[in-house]
Amino acid sequence: MAQHGFGIIGCGMIAEFHTRAINEIPIGRVVAAYDRAKANAEKIAAMALGQCQICDDLETMLAEPDVDVVCICTPSGAHAEPAVRSARAGKHVVVEKPLEITLPRCDAIIEACDSAGVRLCTIFPSRFTPANIRLKDAISGGRFGRLTLGDTYVKWWRNQQYYDSGGWRGTWTLDGGGALMNQAIHNVDLLYWLMGDVDSIVAQTATLAHTRIEVEDTAVASLRFKNGALGTIEAATSAYPGLLKRTEIHGDRGSARVEQDDITLWDFQEKVPSDNEVFAAMAAISGFKAGASDPRGITFVGHRDQLIDFLEAIDHDRAPIVDGREGRKSVEIIRAIYQSAGSGQVVKLPLHEH
């Protein structure tokens, strides 16, 4: 396998998770860091293993021959410009979730990477946890029978200081939304991945527990999937003290629930021997509330596993598991929720934004 040099663009909190993840990948290392605040880039360079260049501008990084992959870790609404420039410079592109905050900006990234012949992935580490992979495999294997209901709940808490601490947080321009676009998007992506494409959405949103933000801290959406199943999405940063995130899948032959990254319900009409592994894991659950009240309380393991898949995709000339078009789906669903909440109408997908 080839060695890959990573450049980190935007060196805030999430860039630390990318750096820790890359440090654990034998064929990858962080070789360059760029942030408009040089102190942030210096912090990432200090975390990296081996020599890491601190770049004064984006052009310097993109001209660096040792950089063949870039991680875009800027605020959500500032992903498109560095991603497009990186693709045009011939770099493979990793974009932290969301891919972007509007569909045209998502499409600009996808088209730039297609035109340049470089690979693109959107960070959704929840798809790489053993519990969610097992759930996906059970759906693909037909164990649920006909899917009837798919629900996901992210009832988290963020204090006012969280929103006040970053000028971009809680703004439409750079955050692109609130509890849905920033926090619950991981579970929106999971629900689409598990249940399939969404046909229509009706939703309501509100700002109930915070001031000085433009976006929602509470949202409820009702979904109809293309396969006929129904579903719900609940998202909040207004639910003190912050609960475990939860996804529930039901069909006419089985039900399952994943809380955080643990299976807590696994019941099917037809049993198989591997179910015993699930029951053993259920007996050992710790109830760790990653991220429910503290944005730093997440693990980088999913990032590591996704970046490994991305490097393998580059080396074997295949699409990564979560490419740009997959990453776009959750943005489309969330934008449809916002549209429905604003209009009071049912919104049909696909969504057309200009």
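Results for (1) among the aliphatic types (A, V, I, L, M); (2) modelled with pLDDT of 95 or more, shown as yes or no for each residue.
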site	(1), (2)
40	no, yes
46	yes, yes
50	no, no
57	no, yes
65	no, yes
73	no, yes
80	yes, yes
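Within the stretch 29-40, is even one residue in contact (Cβ under 8 Å) with a residue 24 or more places away in the chain, in contact with a Cys (Cβ under 7 Å, 6 or more places away or on another chain) and of a type in the set (Asp, Glu)?
yes
Among the listed residues 164, 175, which satisfies the condition of being more than 18 Å from residue 349 (Cβ to Cβ), among the acidic types (Asp, Glu) and surrounded by fewer than 17 Cβ atoms within 10 Å (Cβ to Cβ)?
164
What number goes with the only condition from (1) loosely packed, with under 15 Cβ neighbours inside 10 Å; (2) more than 30 Å from residue 81 (Cβ to Cβ); (3) of a type in the set (D, E, K, R) that residue 214 does not pass?
(2)
Do we have any residue at all in the stretch 142-162 that's assigned by TED's automatic domain parsing to the domain that holds residue 335, within 23 Å of residue 323 (Cβ to Cβ) and either modelled with pLDDT of 95 or more or β-branched (Val, Ile, Thr) (or both)?
Checked the stretch 142-162: at least one residue is assigned by TED's automatic domain parsing to the domain that holds residue 335, within 23 Å of residue 323 (Cβ to Cβ) and either modelled with pLDDT of 95 or more or β-branched (Val, Ile, Thr) (or both).
Return a yes/no flag: does the stretch 341-349 have any residue that is assigned to a helix (DSSP H, G or I), among the polar types (S, T, N, Q) and surrounded by fewer than 22 Cβ atoms within 10 Å (Cβ to Cβ).
Within the stretch 341-349, the first condition is being assigned to a helix (DSSP H, G or I), and the residues that meet it are 341-343.
From the residues that got through so far, the ones that are among the polar types (S, T, N, Q) too are 343.
After this cut, where a residue has to be surrounded by fewer than 22 Cβ atoms within 10 Å (Cβ to Cβ) as well, the list is 343.
Yes - at least one qualifying residue is present in the stretch 341-349.
Hey, any hits in the stretch 28-42 for a residue that's of a type in the set (Gly, Ala, Ser) and touching a His at 6+ places or on another chain (Cβ under 7 Å)?
Yes, the stretch 28-42 contains a residue that is of a type in the set (Gly, Ala, Ser) and touching a His at 6+ places or on another chain (Cβ under 7 Å).
Is there any pair with a first residue in the stretch 194-211 that is part of a strand (DSSP E or B) and a second that is basic (Lys, Arg) whose Cβ atoms are under 8 Å apart and which are 6 or more apart or on different chains, and what are they?
The qualifying pairs are 198/224; 198/226; 199/224; 199/226; 199/348; 200/224; 200/348; 201/224.
The values are calculated or read from the model by the stated rules, or taken from the named source; none is laboratory data. Predicted model, so just to flag it, every value in this text is computed and none were measured. Virtual Cβ from ideal backbone geometry, glycine too; neighbours counted across all protein chains shown.
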